[in-house]
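Peer 1: One structure is given below, represented as structure tokens, and several questions about it will come after.
The values are calculated or read from the model by the stated rules, or taken from the named source; none is laboratory data. Keep in mind it's a predicted model, so treat the numbers as computed, not measured. Glycine gets a Cβ as well: all are built from the backbone with ideal geometry, and neighbour counts include every protein chain shown. Heads up: the accessible areas ignore ligands, DNA and RNA and are worked out on the full protein's heavy atoms, side chains in. Shrake-Rupley method; radii C 1.70, N 1.55, O 1.52, S 1.80 Å.
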Amino acid sequence: MPQKQWLNRTCRLAVVLLLILAPLGAWAQVIPSAQVLQRVVQEAYDRFKDVKEGATADYIPELAKVPAELFGVAIVTARGDIFTAGDVDYAFTIQSVSKPFTAALVMQQEGNADVILQKIGVEPTGLPFNSILATQILKPVSVNPLVNSGALASVSLIKAKNAEERFAKIMSFFQQLAGEKLSVIEDVYKSESATNQRNRAHAYILFVNDRIYADPMEVVDVYTRQCSIGVTAKQLAIMGATLANSGLNPVTHVHVLDARYVPKVLAIMMMAGFYNESGLWAYTAGLPAKTGVGGGIVAVVPQKMAIVGFSPRVNQAGNSVRAMKAIEYITDELGVNLFGSGR
Ligand code: DON
């Protein structure tokens with residue numbers, strides 16, 4: 001065989017081999033082994049289980065009754081493998097962790113992510129989640145779907161004849177994301193409904209500024225129900241893993257969210273998921289994430305996994321102390337900070 005022909009063939013063979021092996025290598029690099037994932041989840045649980053900082057939220061009276069010692073850590077990979085430690089089957093209220101998912105539903109309903117940009121905004125406020133000041137001064141567009149006023153606006157954008165239909169659409173979407181039936185924790189819903197005057201104020205400020213798109217009090221009610229949906233750490237991790245897996249639920253294999261909306265949702269989570277601690281969170285963990293005053297936090301590593309921590313004691317900003325520590329630890333151990341592992 002002439003030398004040139006031989007060289008050509010060898011080159012072609014090398015390219016074919018590379019094409020076959022490269023994705024395998026990339027895959028192996030993408031998701032750490034089961035042993036590593038189970039180890040980091042267990043280590044995060046063991047390390048932080050005795051942390052006592054923070055307190056259960058009590059501005060919603062029923063939340064103060066949730067046992068403060070609960071602590072669960074879960075990882076669900078973009079392949080649907082599940083790793084857990086601690087109280088991962090206890091259903092807690094999803095609270096503000098619900099907000100990015102409803103924003104995603106709005107994008108999907110409209111067939112366009114710009115609706116969020118034009119009708120709500122995507123800038124972080126730098127202020128607490130329930131800041132009336134932010135709602136008043138940051139108009140017309142500078143709220144985002146993750147603070148209360150923007151979350152109310154998201155709920156108002158869901159097309160529905162009445163409150164029941166509006167809530168049913170949200171619930172059905174959340175169930176598809178979690179791949180399981182979910183239910184409202186009625187005691188928390190009632191408790192928050194009786195004490196949510198501040199959210200009613202947000203809704204009316206939006207109303208007088210033409211920034212809420214349905215009846216304000218109906219919206220507050222549906223938002224309160226949405227926040228009272230019960231999820232376990234494991235279910236929340238499946239919801240997050242659906243985002244990590246470009247909108248395809250990796251456990252049920254149902255396509256829940258169009259892939260083109262996932263980067264938009266994650267961008268909003270990166271900038272505002274921790275409210276006035278979003279900068280600190282980006283600095284320490286470097287992952288898009290969302291917190292809730294019920295004690296849950298979901299962080300998303302695109303194409304790889306969701307990491308969830310649940311513990312009811314929250315800090316001044318409403319973010320769960322042990323959940324933050326657990327997710328930061330895992331992020332660091334796995335080297336999955338989006339801005340680089342620093343190693
Ligand atoms: O609207 C509220 O105040 C609650 N339903 C949700 C607040 C919340 O989760 C803040 N996040 N950490």
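Peer 1: For helix 197-208, report the angle its Cα long axis makes with the longest principal axis of the Cα atoms of the chain; keep it between 0 and 90° and round to the nearest 10°.
Peer 2: That helix lies at roughly 80 degrees to the long axis.
Peer 1: Tell me, what is the per residue accessible area of the chain in Å², probe radius 1.4 Å?
Peer 2: Here the residues of the chain average 43 Å² of exposed surface.
Peer 1: Taking all protein chains as present, what is the carbon and sulfur share of the accessible area of the range 182-237, in % to the nearest whole number, probe 1.4 Å? Working shown, then result.
Peer 2: Details: 1120 of 2140 Å².
About 52 percent, which is the carbon plus sulfur part of the accessible surface.
Peer 1: Additional query: On a 0 to 90° scale, report how tilted helix 34-48 is relative to the longest principal axis of the chain, with both axes built from alpha carbons and the result rounded to the nearest 10.
Peer 2: Around 40 degrees separate the two axes.
Peer 1: In the range 279-326, what percent of the accessible surface is made up of carbon and sulfur (1.4 Å probe, ligands and nucleic acids excluded)?
Peer 2: 56 percent
Peer 1: Let me ask something additional. Quick check: the angle from helix 216-227's long axis to the longest principal axis of the chain, C-alpha only, nearest 10 degrees?
Peer 2: Helix 216-227 sits roughly 50 degrees off the main axis of the chain.
Peer 1: Spin-label point model (7 Å from Cα, Cβ direction): what's the Ser341 to Gln136 distance in nm?
Peer 2: Between Ser341 and Gln136, the label points sit 4.9 nm apart.
Peer 1: In what order, largest first, do Arg260, Arg200, Arg79, Arg225 sit by accessible area if the probe radius is 1.4 Å?
Peer 2: Putting Arg260, Arg200, Arg79, Arg225 in descending order of accessible area: Arg260, Arg79, Arg200, Arg225.
Peer 1: Calculate for the chain the 222 nm mean residue ellipticity that helices alone would give, adding -39,500 (n - 2.57) per DSSP H run of length 4 or more and normalising by residue count, nearest 500 deg cm²/dmol.
Peer 2: Dividing the helical sum by the residues of the chain leaves -15500 deg cm²/dmol.
Peer 1: Shifting gears a bit: Give me the number: length gained by fully extending Glu180 to Lys49, i.e. 0.36 nm times residue separation minus the C-alpha to C-alpha distance, one decimal in nm.
Peer 2: 44.4 nm
Peer 1: For the range 272-322, what is the convex hull volume of the alpha-carbon atoms per residue, in Å³?
Peer 2: Spelled out: Cα convex hull of the range 272-322, divided by residues, is 66 Å³.
Peer 1: Below 15 Å, Cα to Cα, which aspartates and glutamates can Lys304 reach? Residues fewer than 8 away in the same chain don't count.
Peer 2: Result set, ordered by chain and number: Asp81, Asp332, Glu333.
Peer 1: Additional query: Go ahead and run the numbers for FRET between Gln303 and Asp187, Cβ-Cβ distance against an R0 of 51 Å, rounding to 0.05.
Peer 2: Taking R0 as 51 Å, the efficiency between Gln303 and Asp187 is 0.85.
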